[in-house]
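Student: Structure in structure tokens, see below.
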Amino acid sequence: MAVDSHGGRSIGTKRSPRVTVFNHDYAVAKAVARRIADLVTRTPRVVLGLPTGRTPIGLYRELVSLHHHGVDFSQVTTFNLDEFLGIPANHPGSYRSFMEQHLFSHVNIKPENRHFLNGSTSDPEAECLRYEQEIADVGGIDLQVLGIGTNGHIGFNEPAPTLVARAHRVRLKPETRRSNASLFGGNPESVPPEALSVGMATILHARAIVLLATGRSKAACIEQVVNGLLTPELPASFLQLHDDVDIMLDVPAAEKLQATL
């Protein structure tokens, strides 16, 4: 077992995915934020892929703090993973509103460099093609940051017999709607039943990937992501195909990996 510079315990000898376990969820957030800040400092025009959900809130809080201490995000470009279908960008439950609340209103990423799928589009298929083209036009994503659902979804790539390679329209699983209920007054039935999401190939074409997961509810799927079979029924398992993936966990999320510690 190795200890990294942020105090996390590195598990195993595989080149990728590499697993690092931290004592607390805020330590995970600090480590990932520091990695992003270091990358931005070295490569100011970096392209970041960004997630939403409860887990990244701590990460965004740390990035805001680092910005207040001098990290300059003015040349950074971002692409969010997904958006609910059928609601406008200014809806309080939209992921655009989430990002404004937790990150964009507090740092100096230029509005024109913040990219989202348009959930109010009248032509979802054309919107997905537009988004993929925007990613291609900037040369792809340098660092893709991911959260993970309790069912193993990343972005809104839900468990299914097959996965869609590129940005697409998706029907959300009941568990995914439940996990997003807090954005819609606590009622899962108010969560839009469909969304737009980048696809697995889009994610896997990022030059590097960091997945952060905290809490015991993520432990079972994390164990399968690290040690299980490659299967579309656990979309995050496809991260095994990428040669530069870091999985950053707190102790509860690593609970079922303890045998390898």
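Since every read-out is calculated from the coordinates, none of them should be taken as a lab result. Quick caveat, the model's predicted, so the values are computed rather than measured. FYI the Cβ positions are ideal-geometry reconstructions off the backbone, even for glycines, and counts take in every protein chain you see.
Student: Provide the gained length on full extension for the span Tyr26 to Ser182, in nm with one decimal, where the gain is 0.36 nm per separating residue minus the Cα-Cα distance.
Tutor: Working: separation 156, 0.36 × 156 = 56.16 nm, distance 2.11 nm.
Residue separation times 0.36 nm, minus the Cα-Cα distance, leaves 54.1 nm.
Student: Please check: in the Gaussian network model of the chain (C-alpha springs, under 10 Å), which one of Ala126, Ala33, Ala208 has the largest mean-square fluctuation.
Tutor: Ala126
Student: Here is a follow-up. Using the Karplus equation 6.51 cos²θ - 1.76 cosθ + 1.60 (θ = phi - 60°), what ³J(HN,Hα) coupling, rounded to whole Hz, does each residue of region 180-189 give in order, writing x for Gly and Pro?
Tutor: Rounded to whole hertz, the list is 9, 4, 4, 7, 10, x, x, 10, x, 5.
Student: Please list 3J(HN,Hα) in residue order for region 155-168, calculated via the Karplus relation 6.51 cos²θ - 1.76 cosθ + 1.60 where θ = phi - 60°; whole Hz, with x for glycine and proline.
Tutor: x, 10, 7, 7, x, 6, x, 9, 10, 8, 5, 10, 3, 7
Student: Tell me, Leu229, Leu103 in order of fewest to most beta-carbon neighbours within 10 Å? Spell out each step's value before the answer.
Tutor: Values: Leu229 9, Leu103 23.
With the sparsest Cβ surroundings first, the list reads Leu229, Leu103.
Student: Shifting gears a bit: One-quarter of the Cα convex hull surface for region 184-261, in nm²? The partial results should precede the final answer.
Tutor: Working: hull surface 26.6 nm².
Mean projected area of the Cα convex hull: 6.7 nm².
Student: Where does the chain land on the Kirkwood hydrodynamic radius, alpha-carbon pairs, in angstrom? It would help to have the intermediate numbers written out before the result.
Tutor: Numbers: mean 1/r = 0.0544 Å⁻¹.
In the chain this quantity evaluates to 18.4 Å.
Student: What does DSSP give for region 109-216 in terms of the percent of beta bridges that are antiparallel, rounded to the nearest 5? Write down the numbers at each step before the final one.
Tutor: On the way: 5 of 9 bridges.
Of those bridges, close to 55 percent are antiparallel.
Student: Rounded to whole Å, give me the distance from the Cα center of region 164-190 to that of region 79-106.
Tutor: Region 164-190 and region 79-106 have Cα centres separated by 14 Å.
Student: Considering the Cα trace of region 26-105, what is its radius of gyration and what is Dmax, both in angstroms?
Tutor: Values for region 26-105 (Cα only, Rg and Dmax): 12.9, 39 Å.
Student: Within the chain, how many Lys pairs that are eight or more residues apart, or on different chains, come under 20 Å at the alpha-carbon? If you can, show how the numbers build up before the last one.
Tutor: Details: Lys14/Lys256; Lys30/Lys218; Lys173/Lys218; Lys218/Lys256.
Taking the Cα cut-off of 20 Å, the pair count is 4.
Student: In nm, to one decimal, how far is the Arg34 label point from the Ile57 one, both placed 7 Å along Cα→Cβ?
Tutor: Label at Arg34, label at Ile57, 2.4 nm between them.
Student: Once amide H atoms are placed 1.01 Å from N in the peptide plane, what residues at a sequence separation of 5 or more from Leu146, or on another chain, have their amide H within under 5 Å of its amide H?
Tutor: For Leu146, whose amide H was placed from the backbone, the distant partners under 5 Å are Val210, Leu211, Leu212.
Student: Something else: Given springs between every Cα pair under 10 Å in a Gaussian network model of the chain, which of Leu234, Leu39, Leu50 has the largest fluctuation?
Tutor: Evaluated over the chain, the most mobile residue of the options is Leu39.
Student: Starting from the amide H of Val19, placed 1.01 Å from N in the peptide plane, find each other amide H under 5 Å away whose residue is 5 or more places distant or on another chain.
Tutor: So Val19 has HN proximity to Ile11, Ile247.
Student: A follow-up question, please. Where the centre of each part is set by its Cα atoms, how far does region 28-47 sit from region 218-261, in angstrom?
Tutor: Result: 23 Å between the Cα centres.
Student: Along region 64-76, what does the Karplus equation 6.51 cos²θ - 1.76 cosθ + 1.60 (θ = phi - 60°) give for ³J(HN,Hα), rounded to whole Hz, x for Gly and Pro?
Tutor: 4, 4, 5, 4, 5, 9, x, 6, 9, 9, 5, 9, 6
Student: Still on this structure, please answer the following. Which parts of region 182-213 would a label at Leu230 reach, counting a residue when its backbone N lies under 18 Å from a point 7 Å out along Cα-to-Cβ?
Tutor: The answer is 199-209, whose backbone nitrogens lie closer than 18 Å to the label point.
Student: Pop a pseudo-label 7 angstrom from the Cα along the beta-carbon direction at both Arg169 and Asp244 and give the gap in nm to one decimal.
Tutor: Output for this residue pair reads 3.6 nm.
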